[in-house]
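Okay, structure first, notes after.
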Amino acid sequence: MPAQLQGEMQPTIYRFKLGGFEVATIMDSKVIRPGLTPSFGGDAHAEEVKALAAANHIGADRYEHPFTPTVVNTGKELVLIDTGCGSLSAEHEQLKGRMPPGNLVARMAQAGYKPEDVDVVVLTHGHPDHIGGLTKGGQPVFPKARYVFGATDFDFWKKGENIREARKFNRELYMKIVVPLADRATFIKPGDTVVPGITAVDAFGHSPGLLAFMIESEGKQILNWADTCNHYVVAIQRPDLQLDVDDEKEKAVATRKRILDMVATDRIPVAGFHMPFPGLGFVERAGGSYRWVPHSYQLNL
Ligand SMILES: [Zn+2]
């Protein structure tokens, strides 16, 4: 008998030491999206995006879009940054087939973390793929956690003014999932500390109050840039291209340029929610712009 075909198999958990901290990136899920264009840059830049994809050995017609939260164990507290898709696609007709089922809790278990171990859940912003794993059937998934939400993002979604058509259902989700947790939350601004060693960084644009987080221990740093860049080729090599899922498009472009400049200049490793798994890498200057350099073993040593 010939050996059975076993199907594709990919890693979904990665953990490394950062000074005295342990940091794990855990892929909640992923989707295959239909095209880099017109999402990135609209129809006006379609040919450039196709050429960019080809030059980087990827197709422009289909792309893999992972969702990868970060877990930080500071030695004192277990901090979860973003929660993935959760059971949104099962609980909401509108999302069936559009979002994958989340696997965060199962994969955290494989990494040795139980839901009740999580002390702090931090949201970078209120988009569905980041808030979906907060609750299941209306109950908090991380029963002992306190929450840390960005004040600007929380106010934007709660007030509900100037919500564009494409985000109206997102706002409903936010009201249902995030707002009821407000009494167990603290609200932070750029520069504020989540726990000692994790500091919020202004990444406003993709969402009105998007926060990145600088994670630092014993002189080692990594920036969790959340959704500052949503594709490892297009958003980094062409940070100027506007993106359909960016809520404040010009601000998102300015933020991409500022943060890319910072991590390239200071040579800071990056954890990115939508970067190819393990979602870790570096940014270097290339051809008048930037290039993603995937992590190999730098963080393992
Ligand atoms: Zn996202």
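Just so you know, all these numbers are worked out from the coordinates, no wet-lab data involved. Because the structure is a prediction, the values reported are computed rather than measured. Note that each Cβ is placed from the backbone with ideal geometry, even for glycine, and that neighbours are counted across all protein chains shown.
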Open item on the list: Pairs on different chains or at least eight residues apart, Cα atoms closer than 30 Å: how many lysine pairs in the range 145-301 fit?
Closed with: 27
Open item on the list: Given points 7 Å out from each Cα along the Cα-Cβ axis, report the Gln94 to Asp61 separation in nanometres with one decimal.
Closed with: 3.1
Open item on the list: With 10 angstrom as the radius, rank Phe16, Phe213, Phe187 by how many other C-beta atoms surround their C-beta, starting from the fewest.
Closed with: Phe187, Phe16, Phe213
Open item on the list: Quick check on the exposure proxy: order Leu223, Leu299 from fewest to most C-beta atoms within 10 angstrom.
Closed with: Leu299, Leu223
Task: Average Cα contact separation per residue, the chain, under 8 Å, 6 or more apart, as relative contact order % - done: 17
- [ ] Using 0.36 nm per residue of separation minus the Cα-Cα distance, give me the extension gain between Glu48 and Arg15 in nm, one decimal.
- [x] 8.3 nm
Open item on the list: Order 57-67, 79-89 from most to least packed using the mean count of other Cβ atoms within 10 Å.
Closed with: 79-89, 57-67
Task: Spherically averaged projected area of the range 13-296 from its Cα convex hull (nm²) - done: 13.7
Task: Footprinting exposure proxy for Thr186, Thr12, Thr25, Thr193 (fewest neighbouring C-beta atoms within 10 Å first) - done: Thr193, Thr186, Thr12, Thr25
Task: Which of Asn170, Ala200, Leu104, positive extreme of dipole for the chain (C-beta unit charges) - done: Leu104
